[in-house]
Amino acid sequence: MASVLVASNRGPVSYVRGEGGELDARRGGGGLVSGLSAVSSQDSLWVCAALGEGDREAVRRGIGEPGVRMLDIDPEVYSDAYNGIANSVLWFLHHHLYDIPREPVFDAAFRRRWESYRAYNRAFAEALAAEADEGAAVLVQDYHLALVPGMLRELRPDLLISHFTHTPWVSSAYLRMVPDDIAAELLWGMLGADELGFHTWEWASAFIECCSALDDSTGTAQGVWPSGDPWHGVRWRRNDVGKGRTRVRAHPLGVDGDELRALAHRPVVDEALARLRAEVGDRRTIVRVDRTELSKNILRGLLAYRELLTTRPEWRGRVVHLASAYPSRQDLESYRAYTASVTELAEEVNAEFGTDDWRPVIVSVEDDFVRSLAAYRLADVALVNPVRDGMNLVAKEIPVVSEAGCALVLSTGAGAYRELRQDALTVNPYDVSETAEALHTALSMPQEERTARTKRLAAAATALPPQRWFLDQLDALREER
């Protein structure tokens, strides 16, 4: 039994079969892994899904890491829940990505997939209920598990439950596309928590606004704003359980500066940096690092770079765009097509402007963290222009690692925008011409100004590192007691 539990789709460890048939455990990284390290492993448990065959075999054979419980969910149920709902519906809703004339389509097939999403969430709720001490704190993570708080509340009303959404939250107008009963189930699932966390007040406010319109056969909810109460959140009344409240807070995740710099200065990164320097020469660099995710806006970034070279010919031959675009969700056709479009557009720019000794765009479509860290160190300009993003830690990581200081071109759609806007060059993510002009301004920025801005950006980026971010949420949840 555990007094602090974390639930997430992906856990801190995965299992792969070695050459000899043995199962090898591979530890993961990221802010959540770092954050949970602040809690004693003897008192904590991480509940996650078995994602691959290696994970499932480990569960069946009773192999596991201390403090981790993997759930072997039926592969078809998992696929429908993860790809069919979480990534194809909820992700598109929260990031406002739908091609409205064609999508979404809520039909009988969607309803079947929603049943799988419900079953997937139920499996987590039941596992958490079975593993939690009396009055334990349970911190549920992200849109994959949006129904867990409500389900867990029914099973274990004694628990302290929080949910953190790492994406943006859908606007109330966009949510109206969803069938009324599904939207209500989604919101009531979240409102089962004592505490809800988001990276920014913009996303938190969007959730409260959605709840303020909630009025169905199960009950009603009303947002509470600063002018009316000393806390932010939602007061609700359920016909079956009575009334209650859910507090809503913003916890903007930062980076661990010391850890990131140590990772970026390992010998293997030095070697990658040397290879990049050989490719780039003495030219300036514009660096971006993203997954080939539709919300990251890579195509408009490349269009802005092409417009820069068109309208500002003085930069031809003097700058290289280093674009790391990790393949993402390639089992979805829309993502495969987007990845191909990124590669094709980069090739077009190189064909239009490249010379025998200058390649304007160098694209890497491999998942290569070492190369990305090397690019961070080399960056003169960081381009982060998502259309809509929960936080975007790349905007925080590059200024921490950049050796000569970098100018940050940042879109207003990034969750990091409000924290970093004073020292970034901010752009409308849809405005290619504005982004091209911002790239010119960034490349032209005097070294003294660039250094000063980078120092302030790095300070803001490291203000709430993962351990503090996690403990702040745990402390806030325990205040509810």
* Is one or more of the residues making up the range 91-100 under 23 Å from D194 (Cα atoms) and either over 18 Å from the mean Cα position of the chain (by Cα) or basic (K, R) (or both)? -> no
* Are any residues in the range 175-189 out of contact with any Leu (no Cβ under 6 Å at 6 or more places or on another chain) and outside any loop (DSSP other than H, G, I, E, B), and if so, which ones? -> L175, D180, D181, I182, A184, E185, L186, W188
* Sort through S79, S88, S44, S116 and tell me the only one that's among the hydroxyl-bearing types (S, T, Y), out of contact with any strand residue (DSSP E or B) (no Cβ under 9 Å at 6 or more places or on another chain) and farther than 24 Å from R336 by Cα. => S116
* Is there a residue in the range 255-264 that is closer than 18 Å to Q473 by Cβ and in contact with an Asp or Glu (Cβ under 6 Å, 6 or more places away or on another chain)? -> yes
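Yes/no per residue for (1) crowded, with 20+ Cβ neighbours inside 10 Å; (2) of a type in the set (S, T, N, Q); (3) without any contact (Cβ under 8 Å) to a residue 40 or more places away in the chain; (4) more than 13 Å from L191 (Cα to Cα):
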| position | (1), (2), (3), (4) |
| --- | --- |
| S205 | no, yes, yes, yes |
| G219 | no, no, yes, no |
| W225 | no, no, yes, yes |
| R235 | no, no, yes, no |
| T246 | yes, yes, no, no |
* Could you tell me which of the residues F92, F124, F106 is touching a Pro at 6+ places or on another chain (Cβ under 8 Å), in contact (Cβ under 8 Å) with a residue 12 or more places away in the chain and part of a helix (DSSP H, G or I)? => F92
* To do: Could you please find all residues in the range 67-78 being touching a helix residue (DSSP H, G or I) at 6+ places or on another chain (Cβ under 9 Å), surrounded by 15 or more Cβ atoms within 10 Å (Cβ to Cβ) and in contact (Cβ under 8 Å) with a residue 24 or more places away in the chain?
  => G67, R69, M70, L71, I73, V77, Y78
* **Single residue of the range 288-340 satisfying the filter (modelled with pLDDT under 85 and either under 14 Å from V361 (Cβ atoms) or part of a strand (DSSP E or B) (or both)) that is most open to solvent (accessible area, probe 1.4 Å)** => Y326
* **Residues of the range 155-200 that turn out to be closer than 11 Å to L93 by Cα and in contact (Cβ under 8 Å) with a residue 40 or more places away in the chain, as a count** => 10
* **In the range 190-202, the residues that are outside any loop (DSSP other than H, G, I, E, B) and either surrounded by fewer than 24 Cβ atoms within 10 Å (Cβ to Cβ) or in contact with a Leu (Cβ under 7 Å, 6 or more places away or on another chain) (or both)** => M190, E195, W201, E202
* Of the numbered conditions (1) within 25 Å of T412 (Cα to Cα); (2) open to solvent by 30 Å² or more (accessible area, probe 1.4 Å); (3) out of contact with any strand residue (DSSP E or B) (no Cβ under 8 Å at 6 or more places or on another chain), V363 fails exactly one; give the number of that condition. => (3)
* With the range 372-456 as the region, which helices (runs of 4 or more DSSP H) entirely inside it contain at least 2 residues that are among the polar types (S, T, N, Q) and open to solvent by 20 Å² or more (accessible area, probe 1.4 Å)? -> 432-444
* Asked: Would a scan of the range 139-155 turn up a residue that is under 15 Å from L45 (Cβ atoms), open to solvent by 20 Å² or more (accessible area, probe 1.4 Å) and in contact with a helix residue (DSSP H, G or I) (Cβ under 9 Å, 6 or more places away or on another chain)?
  -> no
* Tell me which residues, restricted to the range 22-66, are assigned to a loop (DSSP other than H, G, I, E, B), open to solvent by less than 30 Å² (accessible area, probe 1.4 Å) and at pLDDT below 90. => V39, G52
* Give the residue, chosen from E259, E271, that is in contact (Cβ under 8 Å) with a residue 24 or more places away in the chain, over 30 Å from L187 (Cα atoms) and not hydroxyl-bearing (S, T, Y). => E259
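The values are calculated or read from the model by the stated rules, or taken from the named source; none is laboratory data. Owing to the predicted nature of the structure, the values given are computational and were not obtained by experimental measurement. Cβ atoms come from the backbone with ideal geometry, glycine included; neighbour counts cover every protein chain shown. Surface areas here come from the heavy atoms of the whole protein model, side chains and all, with no ligands, DNA or RNA. Shrake-Rupley method; radii C 1.70, N 1.55, O 1.52, S 1.80 Å.
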